[in-house]
Each structure stands twice: as structure tokens, then as C-alpha cells.
Amino acid sequence: MRLYIAVAAGGFRRYATYRVATFAGVFTNTVFGYIMAYTYMALWDQRPRLGGYDLPEALTYVWLGQALLATCAMMGGGFESELIERIRTGDVAVDLYRPADLQLWWLAVDLGRAAFHLLGRGIVPMVLGSFVFELALPADPLTWLAFLVAVTLGVVVSFAIRFLVALSAFWLMDGAGAAQMALLAGLFFSGMLLPLPVFPGALGEVAAVLPWSSLLQIPADVLLGKHTGWDLAAAYAFQAGWAVALLAAGRVLQSVATRRVVVQGG
Amino acid sequence: MESRAEGASAETSADLPERWIPRSSRRAAVRDGLRAYGLIVAMWVRSTMTYRASFVMTALGNFAVTAFDFVTILLMFAHVDSLGGYALPEIAFLYGTSATAFGLADLLLGPMGRLGSRVRDGTLDTLLLRPVPVLAQVAADRFALRRVGRLGQGVLVLVYSLAALDLDWTPVRVLMLPMMVISGAVIFGAVFVAGAAFQFWAQDASEVQNSFTYGGQTLLQYPPTVFSKDLVRGVTFVVPLAFVNWMPALYVLGREDPLGLPDAVAFLPPLVAVVCCALAGLAWRAGLRAYRSTGS
């Protein structure tokens, strides 16, 4: 356990090192937040209460999306390109020799990264957004705590998906195609384009039960106080269920890969 | 890869009837640069085409991910008939012109976003040693043909909007269309070059550039009435992105300019494009002069 905590701390520090890049990311998230907030205002202006959100809630959703975009790696990024490269070059053989579990190791790295992205890239755009737009941020610290739990579960689900994507490189060698598919699904089904309840008809219902809704839609609804009591427990159970299922799938794939695939390299 | 690069360009230049031109004049220098750009691009295209299936997949992925912007607009229009007072075909026209202009700039100059990483790891030095303008080399660096995906979806939406719009196509309006797309691409191109120049100083801050390129393009997909007047003023007078499509498109669509500027501004894009290029060129020179290698 201590090992994985150290690995997670390393992941955090690694991203914290590039302060200028963090600043640049915050700047970009803020610009996109402003642009999207205005488009949401135009939409909610005509359809107040669209998807069950009022305008301040919809605007909060926009800024949450910007805050969680990097944290939950909705557009990919983070450990998977590194792992894919290690699989391609054969370096992964060294990783498998280590007295640490491959999946847990990278999970720790990714949790460290996510913690930094939430603090470094999540808070400032949100604050800057709240200066200009009226947001529906909760006053109750317990809601914020509930939100943090949902985000953590979301990061684990996101990790589990990207781990599967990375392992595909054992067979495909080039992980670019799989990573691209994951990016498309992540952007679309996480609710990054628009909140999932706004999606028309069956599309919205399907999107809500796919794992990607754990990345943004559920944490956002938790923060906006849409899930309370048993409903909150159900939301957590949904996220945790996907996390366990996808992590287990990653385990199975990992054991198949290490047993059947000849690693490259000389 | 490097040795392969040399081999490929040497081979291609041998095929060309044109001889090497001494850089005696500015025009010759420009021609030189463009030729070098073309050769490097041709090399990367050939390299891309070695993995044809991979190219098709990444181009389709590029198409899909950039088309999400329009999917968002379609999802919005599942609930409303107009946004900011604009109907779907009108917004599609704004989207199509902006995405096509940006798609062209992104295809031709997109690699410039990588300059920061070259400055950071010191590999820019290699480019400085070659007898080819650095700008041409950086612009063609790892030229990614898959970006035709973005251009493709922009063109598709533009074609849809032209079919769906009910406009009186006077000759002036028809001529506005190529003028907008070309000037818009040049303005975005200037932003790419200026952004790259900025990276000579702020190597890790390359993402800031995305705010003005990708962010600007996202902004221009929506009508100016959606945004606050200050934001519209900012992209008119500070970073003149409004000239990419807003100003001329409002004229074509017969819409009021929210800033109340005279109709004549609709015809300014070519002029704005030239000024932007001049400024970007100055920024590029200043940046290149300020370059200090990592020295490690």
C-alpha cells in the first residue's frame, strides 16, 4: 500500500512540476468555459429548465465540465500513451518483472495525476467563471464531499477504460486507433457536449447507463444536489459497479496478454 | 527518420525540373521557402500513406471528433428553433465558413503547435542548420494529412447550409464566399504563426495558443448575438477573428452587425489578413532571434 501511495504522490508531483503548462491549461479551460457558457445561456434563454436544470445550474455544469475535463481525462491523456509506448517498445517486460502490480501501479499514477488536475486546473477556472456568471454552487460542505467521492469514482472508471485501451496495444501494436475511439466515446457519452438529460429520447437514456456518464454527468448532478439519500447511494453504486467491472476486465485482459503475447524487443 | 527525410527530399528535388534558385531577391526567398515546404509536406504524405489503413482511421477520427461541435449544435436544435435569433441553416453557414477556413489553416500550418516541444528538447537546432527557411520547416514538421478530416466536416456543413439557406445570391454574395474562406484561413494561419512565435519564450505554454485557434473557431461557429458585446469587441479589434466569418457572413445573411459597424467592414477581411500576416511575420522574426538553445 505504501508503495502505491508513493507512486501516486509521484504522479501528482510530476504534473505539478510543469507550472507554465498548468497555467496555459487553466487559461484554455477558462476561455472555452466562457464560450460554452454563452452558448448555454442562449439555449436556456429559450428553454428555461431544459433537462431539469435552471440557468445557474446549467452554467455550473459548463464550468464543472471544464474543471473535470483534465481530471477525468475525458479527452484521454495521462498514463495510457506512456503505457502504449512501453508495450510497443517492449519495456513493459521490465514493468511485469517488478514486485508491483501493473494495473495498481498505473492506477496510483493516474489518481495522483487526477488529484493534481482537480486542484491545479479545476479550481481556478471555476472561480473565474463564478465572477462573471451566476453559478449554483452548494453551500453545504457535505455536498462538496459527496462530489469529491463521485469524482474519485469517476477517475477510477476513466482509468479502467483507458487501461483497457492501452492493453489493446499488445495485439494492435499501435494504440492510436483504440485511443481515438475511446476519446470519441468519452467526449460524447460523458456529457461534455451537453448534459445527458438534454440528449433527445433514447440516446439520452442509453448514454446515462454507459460507463462514461460516471465521468462528468454523475459528479455534476451530485454537486448540483440532484442525488441525495438513497439516490446518492445508487449513483455511487452505479459508478462503483462500472469501476469494478472494467477493472476486472482489465485484469483478465492483462493475464491473457502476459500469457499469450510475445513481448517485442531484443 | 532523419536520414530518411534527407533521402526523400533529395530524391524528389531530383525529379523536379526546377533548379536551385539563389536567394537573390525576396520573391525568390518566398518561392524557395514554399518549395521546401512542399517537399517536406510531400515527404510526410508519402510516409503517412505507407500505413494506409491507419491513415484512413485517424482521418475518420479527426472528422468525427471535430464534427462533435456540429453535433452539439444539432442537439441544441432538437429543443429550439433558433439560437441567438439565428436559424439552423444560418448557424450552419457560420459554422461551415469558420470550420472550412480553420480547417485549411490547421491542415497547412497545424504542425506549428509543436514548436514549443522542439524548443524544449533542443531539436530546433537541427532545423536551424538546414539551408531552408525555419518557418517552412516548422510549418511542415510532421505534416498530418489526417487533418483533412476537420476540413472535410467543415466543407460538408458549409455545403448543407448553402443548400438550406434561402438567400438571393447576388454576384457580390457569391464572391464573398471564396473571399471569406481564403482570408479566414490566412487570418487563422497568422494566429498559428504568432502563437508559434510566442512559444519561443513560453515553451510549455503552447496550450494558450489553442484558446485562440481552436477556441476562436468554436466561438465563430455561433452567432455574435449569443456573446456579450465586450467579447465581440475583443475579437473584432484585439484579435481580429471576427473578420474570419462574422463580419462578412452577417453581410451575406443580411443581418445587423451587433456592434453597429458600417456595411463596409464586410469587405475588409483580405486587408485584415494582410495586416495579420505582417504582424505575425514580425513576431516570428523577433521570436526566432530570441531563441536560445537548451545547450544540454
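How crowded by other chains is A:18-31, given as the mean number of beta carbons from other chains within 10 Å of each beta carbon?
5
Which one, B:R150, B:R120, B:R27, has the greatest fluctuation when you compute a Gaussian network model over chain B with C-alpha springs under 10 angstrom?
Evaluated over chain B, the most mobile residue of the options is B:R27.
Kindly write out, for region A:46-63 in residue order, the coupling ³J(HN,Hα) from the Karplus curve 6.51 cos²θ - 1.76 cosθ + 1.60 (θ = phi - 60°), rounded to whole Hz, with x marking Gly and Pro.
Values per residue, Gly and Pro as x: 8, 10, x, 6, 4, x, x, 10, 8, 4, x, 5, 4, 5, 4, 4, 4, 5 Hz.
Quote the charge dipole size of the protein assembly as shown about the Cα centre in Debye, to the nearest 20; the model charges only the Cβ of Lys and Arg (+1) and of Asp and Glu (-1).
1720
Which order results if A:V20, B:V235 are arranged by neighbouring Cβ count within 10 Å, fewest first?
Working: A:V20 15, B:V235 20.
By the 10 Å Cβ count, ascending: A:V20, B:V235.
What residue among B:M179, B:T123, B:Q209 has its Cα farthest toward the positive end of the dipole of region B:51-290, where the charges are +1 on Lys, Arg and -1 on Asp, Glu, each on the Cβ?
Positive-end residue among those listed: B:T123.
Going by how many other Cβ atoms sit within 10 Å of their own, how do A:E82, A:E57, A:E134 line up, fewest first?
On the way: A:E82 13, A:E57 21, A:E134 10.
Sorted ascending by nearby Cβ count, the order is A:E134, A:E82, A:E57.
Using helices alone, I'd like the mean residue ellipticity at 222 nm for chain A: each DSSP H run of four-plus residues gives -39500 (n - 2.57), total over residue count, nearest 500.
The helix contribution divided over chain A gives -24000 deg cm²/dmol.
Under a GNM of chain A (C-alpha, springs under 10 Å), which listed residue has the highest mean-square fluctuation: A:V132, A:V26, A:V222?
Sorting by GNM fluctuation, first place goes to A:V132.
At 222 nm, what value in deg cm²/dmol follows for chain B if DSSP H runs of at least 4 each add -39500 (n - 2.57) and the sum is divided by all its residues, to the nearest 500?
Calculated from helices alone, the mean residue ellipticity at 222 nm is -22000 deg cm²/dmol.
Taking every Cα atom in region B:141-234, find the radius of gyration and the maximum pairwise distance Dmax, and write them in Å.
Radius of gyration, then largest Cα-Cα span, for region B:141-234: 16.3, 49 Å.
Just need the relative contact order of chain B here, percent rounded to a whole number, with Cα pairs under 8 Å and 6+ apart.
Reported as a whole number, the value is 24 percent.
Rounded to the nearest whole Å³, what is the per residue volume of the convex hull around the Cα atoms of region A:2-260?
So the per-residue Cα hull volume is 133 Å³.
Tally Lys/Arg at +1 and Asp/Glu at -1 over every other residue whose Cβ is under 14 Å from the Cβ of A:L135; what's the total?
-3
Sort B:M76, A:M181 by Cβ crowding within 10 Å, fewest neighbours at the top.
Listed from fewest to most nearby Cβ atoms, that is A:M181, B:M76.
How long, wide and thick is the protein assembly as shown, going by the Cα atoms along their three principal axes, in whole angstroms, largest first?
Ordered largest first, the protein assembly as shown gives principal extents of 72, 63, 40 Å.
Tell me the net charge near B:A249. Cut-off is 14 Å between Cβ atoms, B:A249 excluded, with +1 for each Lys or Arg and -1 for each Asp or Glu.
-2
Looking at chain A as a GNM with Cα springs under 10 Å, which of A:L246, A:L69, A:L96 has the largest mean-square fluctuation?
Comparing A:L246, A:L69, A:L96 in the GNM, the peak value goes to A:L96.
Using a simple spin-label model with points 7 Å from Cα along the Cα→Cβ vector, what separation in nm is obtained for A:L172 and B:C277?
Each label point lies 7 Å from its Cα, and together they span 4.1 nm.
Return the Rg/Rh ratio of region B:51-290 with Cα-based radii and a Kirkwood Rh.
Values: Rg = 18.4 Å, Rh = 18.6 Å.
Radius of gyration relative to Kirkwood radius: 0.99.
We did not get these values from a lab; they are worked out from the coordinates using the rules stated. It should be emphasised that the depicted structure is a prediction, and the values quoted were computed from it without experimental measurement. Glycine gets a Cβ as well: all are built from the backbone with ideal geometry, and neighbour counts include every protein chain shown.
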